[in-house]
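The values are calculated or read from the model by the stated rules, or taken from the named source; none is laboratory data. In this text, all values refer to a predicted model and were calculated from it rather than measured experimentally. A quick note on method: Cβ atoms are made from the backbone with ideal geometry, for glycine too, and the neighbour counts reach across all protein chains shown.
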Amino acid sequence: MAKVQRALISVSDKSGIIEFAQGLNKLGVEILSTGGTAKALKDAGLNVKDVSEHTGFPEMMDGRLKTLHPKVHGGLLYRRDNPKDREETEKHGIKPIDIVVVNLYPFEQTVSKPDVKFEEAIENIDIGGPTMLRAASKNFKDVIVIVDPADYSKVIDELNTNNGEARDETKYYLARKVFAHTARYDTLISNWLNKQAEPNNPFQPSINLSFSRINSLRYGENPHMKAAVYREPLNAGLSLVDAKILQGKDMSFNNYLDSSAVIDLAKEFTEPAAVIVKHNNPCGVAVDESISEAYKKAFATDPVSAFGGVISINRPVDEATAKEILSLFCEIIIAPSFDTAALKLLSAKPNIRLLELDITKDVTGYDMRKIQGGLLVQEKDRGMIEDLKTLKVVTKRKPTDDEYAAMAFAWK
């Protein structure tokens with residue numbers, strides 16, 4: 001690839017774009033841009049050429065039509081080492097575009113709003129952006145394509161140290177990143193539209209899964225297994241991966257499994273409750289008006305198994321509860337909050353992971369289980385028995401009130 005000469009910038013997220021464009025400016029790169037991006041760059045004192053001037057065709061249809069033009073896509077798809085491509089671009093006055101910087105209309109943020117209108121969502125489906133990104137990525141040998149602001153400094157540094165060129169490995173990495181991004185973008189749109197069309201149909205003809213990796217884990221369920229944790233898109237409900245980690249080591253695969261299990265059980269209770277789970281099995285559950293007493297009762301259920309367990313408390317952790325918990329080693333404590341005195345006490349054991357998470361939020365979505373060659377999908381189990389006494393008793397002796405209460409607790 002020859003030294004970059006021309007860049008097209010069109011972004012909805014303006015963070016870092018001024019500095020990036022200034023870096024291109026110092027390298028003598030001509031900058032093409034559209035709409036609000038062009039205005040932001042010009043306001044920063046940068047020399048910018050409007051795409052409409054470059055194409056000789058105006059923006060139309062309230063901005064729906066800006067970059068869908070042969071002089072844009074020809075400049076992106078032009079193979080620099082192909083004589084026929086060179087001949088055709090010269091014949092039609094198509095100039096090469098060496099860098100494309102695009103991030104897409106914020107569809108995910110738009111449809112995450114509880115009061116979003118259908119028309120607003122539709123207008124936030126980007127057309128020109130994905131088209132440019134895909135064209136540039138297909139021609140990654142000749143075009144640098146950037147979809148993530150986190151890559152701005154990497155590209156500028158490489159251009160500065162490599163005589164205005166990017167390494168082949170960098171261009172390939174950026175192109176792969178784009179195709180993953182546009183695939184996820186289209187998946188979000190498809191899933192949202194299907195949900196709008198059939199809100200009462202939980203099982204669409206196809207399921208498009210697009211989770212974003214947030215961390216690689218040290219290992220999986222066993223040390224010889226590799227693992228990672230991913231975030232579910234458009235999840236407005238309870239999210240373990242978004243818990244605020246106040247202290248402690250990084251979460252492991254088994255930590256996440258146990259944390260998910262302990263949260264599922266703790267969510268069953270509206271009264272103050274403490275739950276202890278070890279290796280995905282409950283080893284202590286109790287309720288009490290006092291959250292510290294609830295923990296003491298849960299721990300007393302099976303003190304041996306509780307060692308090294310994961311604890312979920314459905315009320316703020318206070319000093320008294322923290323003192324009780326510190327009497328035994330545990331891996332994780334999950335609670336809506338920790339008061340100052342509790343945090344001070346627990347900081348004496350810095351390896352204990354403290355997760356702040358409001359477990360009262362609803363769990364959205366479905367249960368999914370991978371099987372060989374397929375996927376099982378079912379609704380979340382929300383089967384509740386409001387009053388056990390309404391059920392048919394099939395034994396000669398009816399349960400006592402205490403037995404009914406015990407059964408109601410055990411049912412959870």
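So the values come out like this:
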{"quantity": "Failed item, numbered, when LEU32 is tested on (1) surrounded by 18 or more Cβ atoms within 10 Å (Cβ to Cβ); (2) in a loop (DSSP other than H, G, I, E, B)", "calculated": "(2)"}
{"quantity": "Complete set of residues in the range 223-263 that are hydrophobic (A, V, I, L, M, F, W, C) and not in a helix (DSSP H, G or I)", "calculated": "MET225, ALA227, ALA228, VAL229, LEU234, ALA236, LEU238, ALA243, ILE245, LEU246, MET251"}
{"quantity": "Long-range neighbours under 8 Å by Cβ, at least six apart or interchain, first residue surrounded by 10 or more Cβ atoms within 10 Å (Cβ to Cβ) within the range 389-408, second assigned to a loop (DSSP other than H, G, I, E, B) and of a type in the set (A, V, I, L, M)", "calculated": "LEU391/ILE385; PRO399/VAL393; ALA408/ILE385"}
{"quantity": "Boolean, LYS66 is farther than 19 Å from SER153 by Cβ, surrounded by 19 or more Cβ atoms within 10 Å (Cβ to Cβ), touching a Ser or Thr at 6+ places or on another chain (Cβ under 8 Å) and assigned by TED's automatic domain parsing to the domain that holds ASN160", "calculated": "yes"}
{"quantity": "Some residue of the range 311-333 being over 24 Å from the mean Cα position of the chain (by Cα), in a strand (DSSP E or B) and surrounded by fewer than 19 Cβ atoms within 10 Å (Cβ to Cβ)", "calculated": "no"}
{"quantity": "Some residue of the range 163-176 being part of a loop (DSSP other than H, G, I, E, B), in contact with a strand residue (DSSP E or B) (Cβ under 8 Å, 6 or more places away or on another chain) and loosely packed, with under 12 Cβ neighbours inside 10 Å", "calculated": "no"}
{"quantity": "Some residue of the range 79-102 being under 21 Å from the mean Cα position of the chain (by Cα), crowded, with 21+ Cβ neighbours inside 10 Å, in the same structural domain as TRP192 (by TED's automatic domain parsing) and touching a residue at least 24 places away in the same chain (Cβ under 8 Å)", "calculated": "yes"}
